[in-house]
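A quick write-up on the structure given underneath.
The values are calculated or read from the model by the stated rules, or taken from the named source; none is laboratory data. Not measured: the values here are computed from a predicted model. We place every Cβ from the backbone using ideal geometry, glycine too, and count neighbours over all the protein chains shown. Side chains included, ligands, DNA and RNA excluded: accessible areas come from the protein's heavy atoms. Shrake-Rupley method; radii C 1.70, N 1.55, O 1.52, S 1.80 Å.
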Amino acid sequence: MSKIKIGVFGAARGMTMIHQTLNHPEAELVAICDKYRPLLDNCKKLSDEHGLNIQLFEDFEDFFKADMDAVVLANYANEHAPYAIRLLDSGRHVMSEVLTCQTMKEAVELIEAVERSGKIYAYAENYCYFNTTAEMRRRYKNGDIGDLTHAEGEYVHDCSSIWPQITYGERDHWRNNMHSTFYCTHSLGPILFSTGLRPVSVVGFQSSNFKCMKDLGALYGTNAIELVTLENGATVKSMHGGLKRSPDSINYQMFGTKGCMETDRWDGGNLHVYIEGDRNCVGEHTKYVPEFCDPEVKQNAGHGGSDYFTTKYFIKALAGDKEALANTIDVYTAVDMCICGILAFRSMVNGGISVKVPNLRNPEERDAYRNDTFCSDAKVAGDMFVPANFADEDKTPIADEVYEEVKRRWLAGEPG
């Protein structure tokens, strides 16, 4: 069987996927696209070192015309859906980096593009594939803690020191304009993927803007919480943002009718499991480091090895591997993970009301959202635009000098 021809759009975040597809036994990396020439120069060097002839493009339209079976989307996080839809409609499979979409309209259109094309869409929510979260999913599916009653996901990552390197001093960069609940799938995703349960309602909360982030050009860099109710009545607290903490906190807790599971906030890689016995409040607590389900995991794949699995499962799913398909996050689950953040923003804008999360698997529930462009991206939202700093009393625009200084730090390699 001929190798699957893969292209990567975005050579910064996409570098992990680029490394994993170099000289892959089942896939051939044929094209890379990025607007930033120095990144493409690095890719050219890598291509030459491996004796490959990878096509390099600065313009997506030229990249789009390349002979590719599948494309990894690692471009800006608020622009994945439009490109995914175009690629699916052109007959290409898609693996999308975080996030799935930034509006309900895009959510509907993305789902329908997948259904229309019959192609595979995989969501690369790598936090679902840590050794701990993968083990939590395995044990939950095995019934070890019973039915879920409550869960918590926590993604605390202070990006202030690397802000110049990830926003380049661009006023319109998505990170500077995203609303507080937008980037929610690192905290919420592993809970939904592990349990297979669908969200049915959400309420959003946020803290006030942090001065250090405003000084770096972020319109609203803050901490956010989504309180989600699942279809079985269980509750979930999803928390994420740039709180002052080092090292970063990536933590998950799942409480069930027979016990609980929890990762370790300060000593990553550990999993705590409590299984109750025949008597209430009497059971066994164990702590261990789960082994990765694949001994070939490349620890240098990024994010504790979890990036290895997103690419592995995508390529194997394209080859028809049923196990890989079962471990791939499909478009419906991916959209569920993402729209909770979109609708939590709506909850906050409307005074903290509970907002229904539609089941977009059902075509009859889609029409209400087909033209819903509510978001904090003015280019996309139109008359449904709400700025990320809607709750701030002081809405004075951030001065150009702030972005000029951030750009200077980026070019000089200085921290935020």
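Given the residues 31, 66, 81, which is the only one that is open to solvent by less than 30 Å² (accessible area, probe 1.4 Å), more than 22 Å from residue 303 (Cβ to Cβ), in a helix (DSSP H, G or I) and of a type in the set (A, V, I, L, M)? It is 81.
Criterion applied to 405, 393, 414, 401 was being exposed (fewer than 11 other Cβ atoms within 10 Å of the Cβ), of a type in the set (Asp, Glu), over 23 Å from the mean Cα position of the chain (by Cα) and closer than 22 Å to residue 159 by Cα, and the one residue passing it is 401.
Within segment 112-132, take every residue that is in contact (Cβ under 8 Å) with a residue 24 or more places away in the chain and not in a helix (DSSP H, G or I) and give me the one that is surrounded by the most Cβ atoms within 10 Å (Cβ to Cβ). It would help to see each step written out before you state the result.
As a first pass, look at segment 112-132 and keep what is in contact (Cβ under 8 Å) with a residue 24 or more places away in the chain: 112-114, 116-117, 119-132.
In the following step, the residues that additionally are not in a helix (DSSP H, G or I) were identified as 119-125, 130.
Numbers: 119: 20, 120: 20, 121: 26, 122: 26, 123: 29, 124: 27, 125: 27, 130: 24.
Out of the qualifying residues, it is 123.
Going by the structure shown, is residue 377 out of contact with any Lys or Arg (no Cβ under 6 Å at 6 or more places or on another chain), surrounded by 14 or more Cβ atoms within 10 Å (Cβ to Cβ), modelled with pLDDT under 95 and not aliphatic (A, V, I, L, M)? No. Condition test on residue 72, is it modelled with pLDDT of 95 or more, of a type outside the set (Lys, Arg), part of a strand (DSSP E or B) and out of contact with any Cys (no Cβ under 7 Å at 6 or more places or on another chain)? Yes, satisfied.
Considering only residues that are surrounded by 17 or more Cβ atoms within 10 Å (Cβ to Cβ) and of a type in the set (Asp, Glu), look in segment 255-277 and name the one that is farthest from residue 151 (Cα to Cα). Taking the candidates together, the pick is 276.
Is it the case that some residue within segment 186-208 is at pLDDT below 95 and of a type outside the set (Lys, Arg)? Yes, that holds for at least one residue.
Taking the conditions (1) among the charged types (D, E, K, R); (2) under 30 Å from residue 349 (Cα atoms); (3) open to solvent by 50 Å² or more (accessible area, probe 1.4 Å); (4) touching a strand residue (DSSP E or B) at 6+ places or on another chain (Cβ under 8 Å) in turn, residue 215 satisfies each one other than (4). The set of residues in segment 201-234 being more than 17 Å from residue 181 (Cβ to Cβ) and out of contact with any Ser or Thr (no Cβ under 6 Å at 6 or more places or on another chain) consists of 211, 214, 215, 216, 217, 230, 231, 232, 233. Taking the criterion of being surrounded by fewer than 19 Cβ atoms within 10 Å (Cβ to Cβ) and either over 23 Å from residue 151 (Cβ atoms) or within 18 Å of the chain's Cα centre (by Cα) (or both), the only residue of segment 228-241 that qualifies is 237.
Of all residues in segment 162-200, those being of a type in the set (Val, Ile, Thr) and open to solvent by 10 Å² or more (accessible area, probe 1.4 Å) number 4.
Here 370, 361 are screened, and the one residue that is surrounded by fewer than 13 Cβ atoms within 10 Å (Cβ to Cβ), farther than 30 Å from residue 216 by Cα and not polar (S, T, N, Q) is 370. Restricting attention to segment 56-83, the residues that are of a type in the set (Phe, Trp, Tyr) and either within 22 Å of residue 103 (Cβ to Cβ) or more than 24 Å from the chain's Cα centre (by Cα) (or both) total 4.
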